[in-house]
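I have placed the structure first, in the form of C-alpha cells, so that the comments after it can refer back to it.
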Amino acid sequence: MAFASEEEKTNEYLFKIVLVGDSAVGKSNLLARFARDEYYPNSKSTIGVEFQTQKVDVNGKEVKAQIWDTAGQERFRAVTSAYYRGAVGALLVYDISRRQTFESIGRWLNELQTHSDMNVVTILVGNKSDLRDAREVSTAEGKALAEAQGLFFMETSALDSSNVVSAFQTVVKEIYNIEQESYD
Ligand code: GDP
Ligand code: MG
C-alpha cells in the first residue's frame with residue numbers, strides 16, 4: 001500500500017463538534033465569529049440543523065472540524081439524537097448575563113452524555129463576557145462547575161472576539177491528542 005501524502009493525511013481528521021445550550025446564549029454567533037469572523041447584533045434563530053466545516057490549526061497541523069449548530073431547535077427543548085450522534089467534541093454554552101442559562105447547563109450536559117456514544121471532549125463556555133455590567137454568573141462559579149464535571153472552561157465574547165478561537169481550538173486539540181495516543 002502506498003504511503004498517504006501529507007494532504008491525504010490531513011483529510012483523515014474530521015471531527016464532529018456540537019454547539020449546545022439555551023436559546024440566545026450566542027451559539028450561532030460563536031460559530032460565525034470563528035468560521036467567518038462575522039457577528040450579527042440581532043440574529044434570529046432559524047429552524048433546522050446546520051453545520052460548517054472549519055480548518056483548525058493544531059501544533060502546525062491542519063485539522064478539520066465539522067461544527068454543528070442547533071439553529072433554533074433548542075427553543076423547543078427538542079434537539080434530536082441525530083444532532084449528537086458521532087460527536088467527539090462539544091461546546092456547552094451559557095450567557096454570563098443570564099443566570100437561567102447557566103442553570104440549564106446540567107440538563108444539557110445530561111442530554112449530551114445520554115445521546116453521544118463516546119466520551120465527548122467538552123468545554124463549558126460562558127459567553128458574552130463583554131457584558132460586564134450585566135453579569136449574573138461569576139467566573140469562579142463557571143470554573144467550579146467545569147472542574148466538578150471534568151470540563152474545560154473559558155469565558156468568551158462573540159462580540160469582541162475574546163477567546164472564541166481558543167475555545168474551539170482547545171476542544172479540537174484535545175480530540176486530536178486523544179486520537180494520536182490511540183494510535184501509539
Ligand atoms: P443562539 O440562539 O445561541 O444561537 O444565539 P445567537 O448567536 O443567535 O445570539 C443571540 C443574541 O445574543 C444575538 O442578538 C447576538 O447578537 C447576541 N450575542 C451573541 N454573542 C454575544 C456576545 O458575545 N456578546 C453580546 N453582548 N451579545 C452577544
Ligand atoms: Mg442559533
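The order of Tyr183, Tyr84, going from fewest to most other C-beta atoms within 10 Å of their C-beta, is Tyr183, Tyr84.
Per-residue ellipticity at 222 nm, computed for the chain from helices alone with -39500 (n - 2.57) per DSSP H run of at least four residues, works out to -10500 deg cm²/dmol.
Relative to the longest principal axis of the Cα atoms of the chain, helix 139-149 runs at roughly 50 degrees. Between Thr53 and Ile178, the contour length at 0.36 nm per residue exceeds the alpha carbon distance by 43.0 nm. The ranking of Ile178, Ile123 by Cβ neighbour count inside 10 Å, starting from the fewest, reads Ile178, Ile123. Given R0 = 22 Å, the distance between the Cβ atoms of Met118 and Gln149 translates into a calculated FRET efficiency of 0.85. Charging the Cβ of each Asp and Glu at -1 and of each Lys and Arg at +1, and nothing else, the dipole of the chain about its Cα centre rounds to 580 debye. Per residue, the convex hull spanned by the Cα atoms of the chain measures out at 127 cubic angstrom. Cross-link reach is defined here as a Cα-Cα straight distance under 22 Å, omitting same-chain residues fewer than 8 places apart; for Lys128 the lysines meeting it are Lys27, Lys44, Lys143. Reported value for segment 49-132: 120 Å³ per residue, from the convex hull of its C-alpha atoms. Angle, helix 27-36 long axis vs. longest principal axis of the chain, Cα atoms, 0 to 90°, nearest 10? Approximately 40 degrees, to the nearest 10. Sorting Ile96, Ile175 from the fewest to the most surrounding beta carbons within 10 angstrom yields Ile175, Ile96.
Length available on full extension from Asn110 to Ser161: 0.36 nm per residue minus the Cα-Cα distance, which gives 15.5 nm.
Since every read-out is calculated from the coordinates, none of them should be taken as a lab result. In this text the structure is predicted, and so the values were computed from the model without any measurement. No Cβ is skipped: glycine too gets one built from the backbone with ideal geometry, and neighbour counts run over all protein chains shown.
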